[in-house]
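Data block below; observations after.
The values are calculated or read from the model by the stated rules, or taken from the named source; none is laboratory data. Computed from a predicted structure; not experimentally measured. Backbone-built Cβ (ideal geometry, glycine too); neighbour counts: all protein chains shown.
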């Protein structure tokens, strides 16, 4: 094809030679001719074999270890155990012989009942122009053998707690002695409390008559320094009240409360009763949280797992988480003791058939007492004019005798059965299987000995006797004018003198003006 094209061009050039015009016409525009493309193959190219992709097994990343967190479980508040009534004791086949021995002849001017095997003994007299006063007394402690274990040289002494008792010297300084009378913590404090859980709160005098409080252990070492700025109450279950709230035995604040509304320093059942906006309730002593709402007109301390509360002039009982166990329906009530509580009703009567009724218009206002158990069941009907609390399964009860115009006392058990018919002028509470009673007295005067339920009875006429739990008279005390209210550590306080009177001592009233000693009750 290329050779043919070249030949044609040469012929045209030859034909036009010699004239310009022919040259003109011989001028051609040469158009390039595209080359004929190669035939396209209809067969698809075979792609190259790809390299094999390596098989990769995925590997899970190792998880970071989850930290172990020990969670403190939220305490589940459940009601505290409620004491069940004392079991009925059947009489023995043969009653033993009971006698007594004078261990400490009437010697001391003031003598308390035994607590933890020790009694407080005092020499001195009361200045009745300034009574009660301590300035004329020398105090110490004796044991059940009558031995003086703490010298009778102090102005005042306390009870033993965890092996130590506080003593007050005549210069108004307090220290602590052990059961041998040794001063293990030298008197240096202006105020002290009893040891509890190995610690005690104490105060020292700083300038401007300011007391500085701290906490010490049984060796006298400082646990909470005296410059802490706290005013610390007595410890109970590892907690103590301060002006700002509640602290533990290291001084750390555990509850921020207004102590001005606290009416009691008792931490019974880990509850503290408070008053807020004229209403009463309870908080938890461990964290200060409200446990029982502030809805009651008044509330008492917990006793045997139940607290007496008042609402609208009526009384009932709640448990430690606020459940109403005994309906709030009684005009009068007393705290539980030995699984039973005395409750009273009041009504109007046209006749005066009870002691000390008061007249409401033309009617007498009468009060009768009965007993309930811890479930609220009325066990003893409302038939008695006066009652004592249960102790060792028995309670003193009285009916009003119109002829003699005085009470006649006896004992019932916790089923309501009259174990001892009402025949006595006065009765004490049972302790260690015995109770003090009196017959024939014109008047009985009594008072508390030392804040530990040890009553003294003073008889104006009549005779003191000791009975067992089945009503048998086992001893007659013809030689004593006064007898302690209950047996303690096998001992009973006795006094002689017609000039017996009362003086304030050891936080409560004890008799003075006579001389006092101890007898030991012996069985068999």
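Structure notes:
- Any hit, the stretch 249-271, residues being farther than 30 Å from residue 210 by Cα, part of a strand (DSSP E or B) and touching a strand residue (DSSP E or B) at 6+ places or on another chain (Cβ under 7 Å): yes
Yes or no, residue by residue, for (1) touching a helix residue (DSSP H, G or I) at 6+ places or on another chain (Cβ under 8 Å); (2) touching a residue at least 24 places away in the same chain (Cβ under 8 Å); (3) outside any loop (DSSP other than H, G, I, E, B):
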| site | (1), (2), (3) |
| --- | --- |
| 280 | no, yes, yes |
| 293 | no, yes, yes |
| 299 | no, yes, yes |
| 302 | yes, yes, yes |
| 308 | no, yes, yes |
| 315 | no, yes, yes |
| 322 | no, yes, no |
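- All conditions but one from (1) surrounded by 20 or more Cβ atoms within 10 Å (Cβ to Cβ); (2) touching a residue at least 60 places away in the same chain (Cβ under 8 Å) apply to residue 185; the one that does not is (2).
- Residue under evaluation residue 223, criteria (1) under 19 Å from the mean Cα position of the chain (by Cα); (2) surrounded by 15 or more Cβ atoms within 10 Å (Cβ to Cβ), criterion not met: (1)
- Matching residues, the stretch 482-524, being at pLDDT 80 or above and assigned to a loop (DSSP other than H, G, I, E, B): 486, 487, 489, 490, 524
- Residue that is modelled with the highest pLDDT [pool: residues in the stretch 353-385 that are within 12 Å of residue 400 (Cα to Cα) and either out of contact with any strand residue (DSSP E or B) (no Cβ under 6 Å at 6 or more places or on another chain) or surrounded by fewer than 14 Cβ atoms within 10 Å (Cβ to Cβ) (or both)]: 383
- The condition of being closer than 22 Å to residue 337 by Cβ, surrounded by fewer than 18 Cβ atoms within 10 Å (Cβ to Cβ) and modelled with pLDDT under 90 holds for residue 453.
- Here residue 429 clears all of (1) surrounded by 22 or more Cβ atoms within 10 Å (Cβ to Cβ); (2) outside any loop (DSSP other than H, G, I, E, B) except the condition numbered (2).
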